[in-house]
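First the structure, in the form of structure tokens, and then the observations on it.
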Amino acid sequence: MRAAFEILLLLSLAQASFAEQSPEGEISAQVAAATAEWIATFNTRDAARISALYAPDAILWGTVSQTIRTTPQEILEYFEESSAKRPKLRMFLGEYHVRLYGDIATNSGYYTSRNPVDGKEVVIPMRFTFTYRREGERWMIVNHHSSRFAQP
């Protein structure tokens, strides 16, 4: 898992090298790296590590949630439940778009979940929006919405 995280992080950083050499390009790369970190951490299925990426006042509207999660404990419980029900589920990051607003940034795009069920891989494309707030040198998730793609 650590190798997968390092690969995702390197890919995000490599993207930064192609970005315009400006403060905005550097910050966009940091936000992209924070999203890659979320993917890699999610794939560990360690609920405590995943929920540690969220600010104390974060809100999560998860893909499989019937309710919006508004406290650190509720966010932790969401990932505990998800990890228990689908321990082999893995996420893969697709296209995304970072937008910057000072110490706030959004990243919207899609990721794909892959989960082996009864010997078959179930693949579900999902869309996401993460809103981040810079806290010191770290970009913390303050709002996360994820949902399955709409059926045509």
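The values are calculated or read from the model by the stated rules, or taken from the named source; none is laboratory data. Just so it is clear, the model here is predicted, and its values are computed rather than measured. All Cβ positions, even for glycine, are placed from backbone atoms using ideal geometry, and neighbour counts span all protein chains on display.
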(request) Quick one: which residue in T41, T70 is of a type in the set (S, T, Y) and in contact with a helix residue (DSSP H, G or I) (Cβ under 7 Å, 6 or more places away or on another chain)? (result) T41
(request) Identify all residues within the stretch 28-47 that are surrounded by fewer than 18 Cβ atoms within 10 Å (Cβ to Cβ) and either in a strand (DSSP E or B) or among the aromatic types (F, W, Y) (or both); write none if there are none. (result) none
(message) If a residue must be closer than 17 Å to T129 by Cα and not in a loop (DSSP other than H, G, I, E, B), how many such residues does the stretch 54-75 contain?
(response) 9
(request) Filter the stretch 110-130 down to the residues that are under 11 Å from the mean Cα position of the chain (by Cα) and surrounded by 16 or more Cβ atoms within 10 Å (Cβ to Cβ), then identify the one that is nearest to Y54 (Cα to Cα). (result) F130
(request) Look at N107 and say whether it is surrounded by 16 or more Cβ atoms within 10 Å (Cβ to Cβ), over 16 Å from A33 (Cβ atoms) and of a type outside the set (A, V, I, L, M). (result) no
(request) Scan the stretch 103-123 for residues that are more than 23 Å from I59 (Cα to Cα) and touching a strand residue (DSSP E or B) at 6+ places or on another chain (Cβ under 7 Å) and jot them down. (result) R114, N115, E121, V122, V123
(request) Would you check if I75 is touching a residue at least 60 places away in the same chain (Cβ under 8 Å) and among the hydrophobic types (A, V, I, L, M, F, W, C)? (result) no
(request) Among the residues of the stretch 48-62, write down those that are buried (at least 21 other Cβ atoms within 10 Å of the Cβ) and over 14 Å from W38 (Cα atoms). (result) A58
(message) So, T106, is that one among the polar types (S, T, N, Q), touching a Leu at 6+ places or on another chain (Cβ under 8 Å), under 21 Å from R148 (Cα atoms) and at pLDDT 95 or above or not?
(response) no
(request) Taking R69 as meeting all but one of (1) of a type in the set (K, R); (2) surrounded by 16 or more Cβ atoms within 10 Å (Cβ to Cβ); (3) under 26 Å from Q151 (Cβ atoms); (4) in contact (Cβ under 8 Å) with a residue 24 or more places away in the chain, write down the number of the exception. (result) (4)
(message) Can you say whether Y78 is crowded, with 17+ Cβ neighbours inside 10 Å, touching a Gly at 6+ places or on another chain (Cβ under 6 Å), among the hydroxyl-bearing types (S, T, Y) and assigned to a strand (DSSP E or B), as far as the supplied structure shows?
(response) no
